[in-house]
Amino acid sequence: MSIRIKASNVRLKRAYEPPAHGDGSRILVDRLWPRGVKKIDAALDHWAKDLAPSTALRKWFAHDPARWPEFRIRYAEEVRRHGDQLSQLRALARTRPITLVYSAHDEVHNDAVALRDFLLGRKPKTPR
């Protein structure tokens with residue numbers, strides 16, 4: 001039996017926002033390094049490149065909100081291929097807060113939002 005992850009343990013923050021004490025473990029979830037951010041300023045504990053959307057999926061999505069439902073489905077398929085890394089993130093989030101760090105301007109339609117939902121066991125809905 002697995003222990004459920006508290007939603008408050010999985011936080012989201014743009015890479016351009018300063019780190020805070022309450023962030024817990026800071027994990028960059030983008031495949032590309034955020035433009036203009038110095039590594040020291042990012043204060044990251046881990047860079048989960050393999051859990052980021054593939055380059056092809058990222059380019060297809062292009063942060064178009066109309067593609068968001070389909071992006072979540074395709075991204076979920078990609079994340080499933082890295083189940084061991086997703087399990088590691090889940091284990092960490094069960095014990096303490098983590099912050100998924102991303103660089104997208106859109107704070108509602110981005111890979112960190114989708115990944116947070118996957119970590120919390122929320123499955124993407126198939127479009128009808």
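Looking only at helices (runs of 4 or more DSSP H) that lie completely in segment 45-128, which have at least 1 residues being in contact (Cβ under 8 Å) with a residue 40 or more places away in the chain, more than 20 Å from Lys13 (Cβ to Cβ) and of a type in the set (Phe, Trp, Tyr)? Result: 68-80. Condition check: surrounded by 12 or more Cβ atoms within 10 Å (Cβ to Cβ), out of contact with any Ser or Thr (no Cβ under 9 Å at 6 or more places or on another chain) and not charged (D, E, K, R). Does Leu115 satisfy that? Yes; evaluated as a whole, the condition is true for this residue. Would you be able to say whether some residue in segment 76-97 is surrounded by 21 or more Cβ atoms within 10 Å (Cβ to Cβ), under 17 Å from Leu28 (Cα atoms) and of a type in the set (Ser, Thr, Tyr)? Checking segment 76-97: not a single residue is surrounded by 21 or more Cβ atoms within 10 Å (Cβ to Cβ), under 17 Å from Leu28 (Cα atoms) and of a type in the set (Ser, Thr, Tyr). Only residues that are of a type in the set (A, V, I, L, M), loosely packed, with under 14 Cβ neighbours inside 10 Å and part of a loop (DSSP other than H, G, I, E, B): list them for segment 27-42, please. Hit for segment 27-42 is Leu32, nothing else. Residue pairs whose Cβ atoms lie under 9 Å apart, sitting 6 or more positions apart in sequence or on different chains, and linking a residue in segment 14-43 that is touching a residue at least 40 places away in the same chain (Cβ under 8 Å) to a partner that is part of a helix (DSSP H, G or I) and loosely packed, with under 11 Cβ neighbours inside 10 Å, are Leu32/Thr55.
No value in this document is a laboratory result; all are computed from the given coordinates. No experiment lies behind these values; they were computed from the predicted model shown. Positions of Cβ are backbone-derived with ideal geometry, glycine not excepted, and every protein chain shown enters the neighbour counts.
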